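The values are calculated or read from the model by the stated rules, or taken from the named source; none is laboratory data. Model, not experiment: these values are computed from the prediction. FYI the Cβ positions are ideal-geometry reconstructions off the backbone, even for glycines, and counts take in every protein chain you see. The accessibility values were calculated without ligands, DNA or RNA, using every heavy atom of the protein model including side chains. Shrake-Rupley method; radii C 1.70, N 1.55, O 1.52, S 1.80 Å.
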Amino acid sequence: MTSADLGSALLVAIAGALLFVALASLPAGSRVRRAYGTHPDDDDAARANAAVLAATGAFLLALAAATRFGVSDRLVAAGTLAVAAAGVVLLGWLVRYRDRRELLTTPNVDRERARRLGGAAMLVGGLLVVPLAAVLLGAGDRTMAVSTVAVAVLSTLLVAFAYR
């Protein structure tokens, strides 16, 4: 088994687990809902979380298919970063401007903290454009590593400050 096959199998397994958790959280009174902090009777929050989990699982399945069928590394990296950036911006927008606090993994977040976290998520999505640009411009490994680590550190700080 090659490393690409192993990676694809791992992605499929994680995607399957995410899809299983999404489906298991839908029935009213589900223990899975309680496990991630959603009230057992809150159907709207459970559906929202299930949608995020299902979308993430579908994305991982697409990524597994791309690696399995030999799509170029540069295209996979650019596509992954672009989808991740758009998804994080969308999630942040929903939390900040549509008051979809149930999408956050922290239960019972007050409105002001949710607005800050949504704004931080939107900024994190914007920061993902830096490594995306590095991939599209054909940057070297060292530049890619530095840009990715810098974005990870800045993202962590943004979310930490928004959460406090």
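Per residue, the chain exposes 60 Å² of solvent-accessible protein surface, assessed with a 1.4 angstrom probe and all protein chains in place. Applying 0.36 nm per residue to the separation of Leu75 and Leu6 and subtracting their alpha-carbon distance, the gain on full extension is 22.9 nm. Placing +1 on the Cβ of every Lys and Arg and -1 on the Cβ of every Asp and Glu, with nothing else charged, gives the chain a dipole about its Cα centre of roughly 320 debye. Summing charges over neighbours of Ala139, with a neighbour being any other residue whose Cβ is under 15 Å away from its Cβ, gives 0 when K and R count +1 and D and E count -1. Across all directions, the shadow cast by the convex hull of the stretch 22-88 built on its C-alpha atoms averages 5.1 square nanometres. Between Val129 and Asp43, residue separation times 0.36 nm minus the direct Cα-Cα distance comes to 27.5 nm. Just so you know, the Cα atoms of the stretch 1-145 work out to an Rg and Dmax of 17.3, 51 Å.
Counting protein heavy atoms only, the stretch 1-70 has 70 percent of its accessible area on carbon and sulfur, 1.4 angstrom probe. Working note: 222 nm ellipticity from helices only, DSSP H runs with n ≥ 4, each -39,500 (n - 2.57), summed and divided by the residues of the chain, gives -26000 deg cm²/dmol to the nearest 500. Neighbours of Ala28 by Cβ distance under 10 Å: Lys/Arg scored +1, Asp/Glu scored -1, total -2.
Using the scaling law 2.2 N^0.38 Å as the reference, what is the normalised Cα Rg of the stretch 72-163? Taking the Cα Rg and dividing by 2.2 N^0.38 Å, one obtains 1.18.
Listed values for the stretch 97-105 are Karplus-derived 3J(HN,Hα) couplings in whole Hz (6.51 cos²θ - 1.76 cosθ + 1.60, θ = phi - 60°), namely 9, 10, 6, 9, 4, 5, 6, 6, 7, and x replaces Gly and Pro.
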